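Enquirer: Structure incoming, see below.
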2 protein chains.
Amino acid sequence: MQAKTDRVLSHIDANLDQSLERLFALLRIPSISTDSAHAGDVARAAEHVARDARSIGFAAAPVPTPGHPAVLGHYRKNNRPHVLFYGHFDVQPVDPLALWDFPPFEPKLVEVAPGRTVIRARGACDDKGQMMTFLEACRAWKAVTGDLPVDVSLVLEGEEENGSESLPEVLRAHRKALKADHCFICDTGQWDRDTPAISISLRGMFHEEIVVRTATTDLHSGRFGGAANNAIRVLSRIVADLHAPDGSIAIPGFYDGIEDISPAMRTAWRRLGLTPKKLLGPIGLSVPAGEKDRMVLEQISTRPTCDVNGIWGGYQGEGVKTVIPNEAHAKVSFRLAAGQHPDRIRKLFRAFVRARLPKDCSVTFTNFKATTPANVRWDSDQVRRAGAALAAEWGRKPVLMGQGGSIPIVNDFKKILGLEPLLIGFALKDDQVHAPNEKYDLQSFHKGIRSWARILAAFAH
Amino acid sequence: MQAKTDRVLSHIDANLDQSLERLFALLRIPSISTDSAHAGDVARAAEHVARDARSIGFAAAPVPTPGHPAVLGHYRKNNRPHVLFYGHFDVQPVDPLALWDFPPFEPKLVEVAPGRTVIRARGACDDKGQMMTFLEACRAWKAVTGDLPVDVSLVLEGEEENGSESLPEVLRAHRKALKADHCFICDTGQWDRDTPAISISLRGMFHEEIVVRTATTDLHSGRFGGAANNAIRVLSRIVADLHAPDGSIAIPGFYDGIEDISPAMRTAWRRLGLTPKKLLGPIGLSVPAGEKDRMVLEQISTRPTCDVNGIWGGYQGEGVKTVIPNEAHAKVSFRLAAGQHPDRIRKLFRAFVRARLPKDCSVTFTNFKATTPANVRWDSDQVRRAGAALAAEWGRKPVLMGQGGSIPIVNDFKKILGLEPLLIGFALKDDQVHAPNEKYDLQSFHKGIRSWARILAAFAH
């Protein structure tokens, strides 16, 4: 097997230009899923991706949904391990366009430093580039050996950036065909430029908008100042109380049931040496704001958080106005750790707010979509196999890391298909994902393809 | 003297229509001092008022200033008590015009309830109507007796609604001629519709805008949530800390040096029966937000306050955004009690804010014009004389009350001319001062003229 794998890797190296050409063709399609004006482009991207998969040997086609189409593909011989792969071919909007240094849908290779070349385009990293690392690995195996080392099914999505609302139903409808032995997801990052990573947890989240109301109208502070409550004062008290002086979240019961990382994992993480200075220095900060008894790496990845994303009330124009505002607004969001259910935390939060409300004031809540957090088993055979393959490619063992963000569909794969996803990706922290000037390192693309080629071999027996 | 006064009062009753005509002529001039497009109208109002005073017998003329003109007038025989009167003939802007039920500069009498007629116009109360109560009282005295009972000087201002910036210099330049025995100011209100009032304190105030900054840019909560501080969180903590749980202001040293009202005054005020329900019920509230050991009447008039007039930061649009804002703003204002100097309180406030700032965050302050608070002596001969005159007119003793708002020029009369102002006015709480649909009760105008006619007599000896 190792000899075959080596031939495949050489083929990948020799054919990188053609791999890039195929990626660029996909990057030229502005498949922005949140903008209905681009619905045709998303459909075009689905056709393109299905055609690409068929050219490798997959039986692949777009699957219509109430939203944008997904693409399902199968390369099956049966009687051997079966791998499900997930990626997505839709992209984030490009506004504000003025902040881009290049046209987002005209992909280009640019050497940004001696020996460092990047692919510039919207979607170059998230997730077209990442998705294509897997497809190109399959293509190389097929080209060199006439076969893939394992059975492979593809679930490629066209509305990940728009909430993945249709995907659960697609998984349910095709549950039988998609019931694989392993599930690979390529939408996460590396530890750093030279070190691969396997993600072992994803935070959940929910958003809540609250409006505090006091008097029936705005009041003049010369007439009522002192006696009449002020909606901003009430709201600020609530917001301030959310955090205890030790940086923890002060909502009673908030931490109950959290599935914490193991002491062994914590020891391993401590050795990674992510100091407050390293993390916060580049953004102009130095004092970690989270739980004082946790490493910053835990604070940003596995520990739950609460942030006020916006606040407003009263007079915000030039100069001054002697008004006592009767209304104040805040947008609050929570990142959740495995073991915390959004509905339960939402209830606790609302009770916490109500308990701080003077009895003549009122509050209204508006809830937004919630995502359940997920831990992924890290002491499993599949993590060990993939880890060894990554180590062989990168010359370093992968870091098992927590993801600070959320990937909603991870729970769908767990719940609907009973699969424990393996989260491997090659994004770097400076890839400008969701922002202007998105890029993907050529090394991420090249070694990403090589990594998947090795991982496919590692799952063949 | 009483017989003369009675004839003057009858004359006032018999000539009310002509008094109204003169008021209406002044109300038709849109003398909005904050709007430079109306500078000509303010000048025209000054000419009009000077002419009106001359027709009574005053030597009166507009006095140019770097801003809008003031009007000075003198009616002097010397060797008798000399009274200085202050009022203003400029008005507030009328925006938003759409909220007015009538054209603001077309004054009209309207019967709003059986037996209750009001004068509708911008300035009907603040301060053209109030100023004219005094001039019409002088006119009646002159018409009936051929003389005024005292010497009178007029200081009528054209930029009170624009900060009174030129007035101190006018007072200084004419200090000698204006050095009277008494100073009457007609720009305040009654206790209620049937009860007159003499104001004995004015709160000072100052405004401050603060901006809290944390990281160098907005951050993504999926990547830094937990470890990176949030400007809204820092600002909310500062705002929340400003008030102690007992409703007092928690800035150390804040209450030092306040000249509190006397126990006798407090007892008198308690008898007025302004309950939280009476004050707060009409605005939809029931729980006083100020110092728990103070009556609501103290909270809104003689006790210092702190209000956040506006707050903003982060994402305020529709839906959600997982941003950690790096900047948050608040407009904070303080009402001050006699004995508190704005500069000192501003320093205490800034130190209080800085003490709550994490060491990697910063704050900037923008200060706005401050007004020093003022107490007026209430146990004086002039208050007793004016009080007796008001009691004779209204059939009720005047309430000695604190003004929750500020009148900057009161301190100028004290400092520059050494005069203790007597604050008497006939505004009602529903006069919509500074707001659309301003009005002045016909009773306020009529009995206001009669009140001044009696007060002039009371100061004749």
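The values are calculated or read from the model by the stated rules, or taken from the named source; none is laboratory data. Note that the coordinates shown come from a computational prediction; the quantities given were computed from them, not determined experimentally. Reconstructed Cβ throughout: ideal geometry from the backbone, glycine too, with neighbour counts over all protein chains shown. Please note that ligands, DNA and RNA were not included when accessible areas were found on the heavy atoms of the full protein model with its side chains. Shrake-Rupley method; radii C 1.70, N 1.55, O 1.52, S 1.80 Å.
Enquirer: Six or more apart or on different chains, Cβ atoms under 9 Å: show the pairs whose first residue is in region B:20-48 and outside the structural domain of B:THR117 (by TED's automatic domain parsing) and whose second is open to solvent by less than 40 Å² (accessible area, probe 1.4 Å) and assigned to a helix (DSSP H, G or I).
Expert: none
Enquirer: Moving on to the next point. Test each condition in (1) under 30 Å from B:THR322 (Cα atoms); (2) among the hydroxyl-bearing types (Ser, Thr, Tyr); (3) surrounded by fewer than 22 Cβ atoms within 10 Å (Cβ to Cβ) for B:THR214 and report the one that comes out false.
Expert: It fails just one condition, (3).
Enquirer: Can you tell me how many residues in region A:126-151 are assigned to a helix (DSSP H, G or I), of a type in the set (D, E, K, R) and open to solvent by 10 Å² or more (accessible area, probe 1.4 Å)?
Expert: Within region A:126-151, residues that are assigned to a helix (DSSP H, G or I), of a type in the set (D, E, K, R) and open to solvent by 10 Å² or more (accessible area, probe 1.4 Å) number 2.
Enquirer: Here is a follow-up. So which residues in region B:315-324 are facing chain A (nearest Cβ under 7 Å), under 30 Å from B:PHE368 (Cα atoms) and either part of a loop (DSSP other than H, G, I, E, B) or not β-branched (Val, Ile, Thr) (or both), if there are any at all?
Expert: Passing the criteria: B:TYR315, B:GLN316.
Enquirer: Kindly establish whether A:PHE365 is part of a strand (DSSP E or B), more than 7 Å from chain B (Cβ to nearest Cβ) and closer than 25 Å to A:PHE254 by Cα.
Expert: It is true that A:PHE365 is part of a strand (DSSP E or B), more than 7 Å from chain B (Cβ to nearest Cβ) and closer than 25 Å to A:PHE254 by Cα.
Enquirer: Among helices (runs of 4 or more DSSP H) lying entirely in region A:1-82, which contain 3 or more residues that are farther than 22 Å from A:ALA458 by Cβ?
Expert: By residue number, A:16-27, A:39-56.
Enquirer: May I pose another question? Can you confirm whether region B:50-71 contains a residue that is surrounded by fewer than 22 Cβ atoms within 10 Å (Cβ to Cβ) and under 21 Å from the mean Cα position of the chain (by Cα)?
Expert: yes
Enquirer: Being out of contact with any Lys or Arg (no Cβ under 7 Å at 6 or more places or on another chain), at pLDDT below 95 and of a type in the set (Gly, Ala, Ser) narrows it down to one of B:GLY158, B:GLY115, B:GLY123, so name that one.
Expert: B:GLY115
Enquirer: Name the residues in region B:137-168 that are out of contact with any Phe, Trp or Tyr (no Cβ under 8 Å at 6 or more places or on another chain) and more than 25 Å from B:THR371 (Cβ to Cβ), would you? Full working, then the answer.
Expert: Looking only at region B:137-168, we keep the residues that are out of contact with any Phe, Trp or Tyr (no Cβ under 8 Å at 6 or more places or on another chain), and these are B:139-146, B:159-168.
Passing the criteria: B:ARG139, B:ALA140, B:TRP141, B:LYS142, B:ALA143, B:VAL144, B:THR145, B:GLY146.
Enquirer: Look at A:VAL170 and say whether it is touching a Ser or Thr at 6+ places or on another chain (Cβ under 8 Å), at pLDDT 95 or above and among the β-branched types (Val, Ile, Thr). I'd like the intermediate steps shown before the answer.
Expert: Working: touching a Ser or Thr at 6+ places or on another chain (Cβ under 8 Å): yes; at pLDDT 95 or above: yes; among the β-branched types (Val, Ile, Thr): yes.
Taking the combined requirement at face value, the residue satisfies it.
Enquirer: Where the second residue is of a type in the set (Gly, Ala, Ser) and open to solvent by less than 20 Å² (accessible area, probe 1.4 Å) and the first is over 22 Å from B:ALA227 (Cα atoms) and assigned by TED's automatic domain parsing to the domain that holds B:GLY225 and lies in region B:312-326, which pairs have Cβ atoms under 7 Å and are six or more apart or on separate chains?
Expert: B:GLN316/A:GLY310
Enquirer: Could you check how many residues of region B:3-23 are open to solvent by 30 Å² or more (accessible area, probe 1.4 Å) and closer than 18 Å to B:PRO107 by Cα? Talk me through it step by step, then tell me what you get.
Expert: Narrowing region B:3-23 to residues open to solvent by 30 Å² or more (accessible area, probe 1.4 Å): B:3-4, B:6-7, B:10-11, B:13-15, B:17-18, B:21-22.
From what's left, closer than 18 Å to B:PRO107 by Cα: B:17-18, B:21-22.
So the answer is 4.
Enquirer: Which condition number in (1) facing another protein chain (nearest Cβ under 7 Å); (2) under 30 Å from B:PHE224 (Cβ atoms); (3) open to solvent by 30 Å² or more (accessible area, probe 1.4 Å) is the one that B:ARG354 fails?
Expert: (1) is the only condition that B:ARG354 fails.
Enquirer: Only one of (1) open to solvent by 20 Å² or more (accessible area, probe 1.4 Å); (2) of a type outside the set (Ser, Thr, Tyr); (3) free of Cβ contacts under 8 Å to residues at least 60 places away in the same chain; (4) in the same structural domain as B:ASP246 (by TED's automatic domain parsing) is not met by B:HIS329, so which one is it?
Expert: (3)
Enquirer: For region B:230-237, indicate whether the set of residues that are at the interface with chain A (Cβ under 7 Å from one of its Cβ atoms), open to solvent by less than 70 Å² (accessible area, probe 1.4 Å) and under 20 Å from B:ARG346 (Cα atoms) is non-empty.
Expert: Within region B:230-237, one or more residues are at the interface with chain A (Cβ under 7 Å from one of its Cβ atoms), open to solvent by less than 70 Å² (accessible area, probe 1.4 Å) and under 20 Å from B:ARG346 (Cα atoms).
Enquirer: Is region A:29-49 home to any residue that is more than 21 Å from the chain's Cα centre (by Cα), under 23 Å from A:GLU393 (Cα atoms) and surrounded by 24 or more Cβ atoms within 10 Å (Cβ to Cβ)?
Expert: Within region A:29-49, not a single residue is more than 21 Å from the chain's Cα centre (by Cα), under 23 Å from A:GLU393 (Cα atoms) and surrounded by 24 or more Cβ atoms within 10 Å (Cβ to Cβ).
Enquirer: Does B:GLY257 satisfy the criteria of being part of a loop (DSSP other than H, G, I, E, B) and surrounded by fewer than 21 Cβ atoms within 10 Å (Cβ to Cβ)?
Expert: yes
Enquirer: If I ask for residues that are at pLDDT 95 or above and not hydrophobic (A, V, I, L, M, F, W, C), which ones from region B:280-300 would you list?
Expert: Result: B:GLY281, B:GLY284, B:SER286, B:PRO288, B:GLY290, B:GLU291, B:LYS292, B:ASP293, B:ARG294, B:GLU298, B:GLN299.
Enquirer: Same structure again: In region A:398-423, which residues are in a strand (DSSP E or B) and in contact with a helix residue (DSSP H, G or I) (Cβ under 6 Å, 6 or more places away or on another chain)?
Expert: Result: A:GLY402, A:PRO421, A:LEU422.
Enquirer: What single numbered condition from (1) at pLDDT 95 or above; (2) more than 9 Å from chain A (Cβ to nearest Cβ); (3) part of a loop (DSSP other than H, G, I, E, B) fails to hold for B:LYS277?
Expert: (3)
Enquirer: Taking B:PRO358 and the conditions (1) touching a residue at least 40 places away in the same chain (Cβ under 8 Å); (2) not in a loop (DSSP other than H, G, I, E, B), which numbered condition does it fall short on, given that it satisfies the others?
Expert: (2)
Enquirer: Return the residue satisfying two criteria in turn: it lies in region B:399-452 and is modelled with pLDDT of 95 or more and among the basic types (Lys, Arg), and of such residues it is surrounded by the most Cβ atoms within 10 Å (Cβ to Cβ).
Expert: My answer is B:LYS439.
Enquirer: Would you mind finding the one in A:ALA50, A:ALA46 that is within 19 Å of A:ASP126 (Cβ to Cβ), at pLDDT 95 or above and in contact with a Pro (Cβ under 8 Å, 6 or more places away or on another chain)? Outline the logic, then answer.
Expert: Values: A:ALA50 fails: within 19 Å of A:ASP126 (Cβ to Cβ).
Step by step, each of A:ALA50, A:ALA46 is checked, and only A:ALA46 is within 19 Å of A:ASP126 (Cβ to Cβ), at pLDDT 95 or above and in contact with a Pro (Cβ under 8 Å, 6 or more places away or on another chain).
Enquirer: Further question: Among the residues that make up region A:100-111, is at least one of them within 19 Å of A:ILE29 (Cα to Cα), touching a helix residue (DSSP H, G or I) at 6+ places or on another chain (Cβ under 6 Å) and open to solvent by 10 Å² or more (accessible area, probe 1.4 Å)?
Expert: Scanning region A:100-111 turns up at least one residue that is within 19 Å of A:ILE29 (Cα to Cα), touching a helix residue (DSSP H, G or I) at 6+ places or on another chain (Cβ under 6 Å) and open to solvent by 10 Å² or more (accessible area, probe 1.4 Å).
Enquirer: Restricting to region B:163-208, count the residues that are within 16 Å of the chain's Cα centre (by Cα), more than 23 Å from A:VAL323 (Cα to Cα) and of a type in the set (Val, Ile, Thr).
Expert: 3
Enquirer: Another question, then. For A:ASP307, work out the one condition from (1) among the acidic types (Asp, Glu); (2) more than 8 Å from chain B (Cβ to nearest Cβ); (3) open to solvent by less than 40 Å² (accessible area, probe 1.4 Å) it doesn't fulfil.
Expert: (2)
Enquirer: For A:THR372, indicate whether it is under 25 Å from the mean Cα position of the chain (by Cα) and open to solvent by 20 Å² or more (accessible area, probe 1.4 Å).
Expert: Here the answer is yes, as A:THR372 does meet what is asked.
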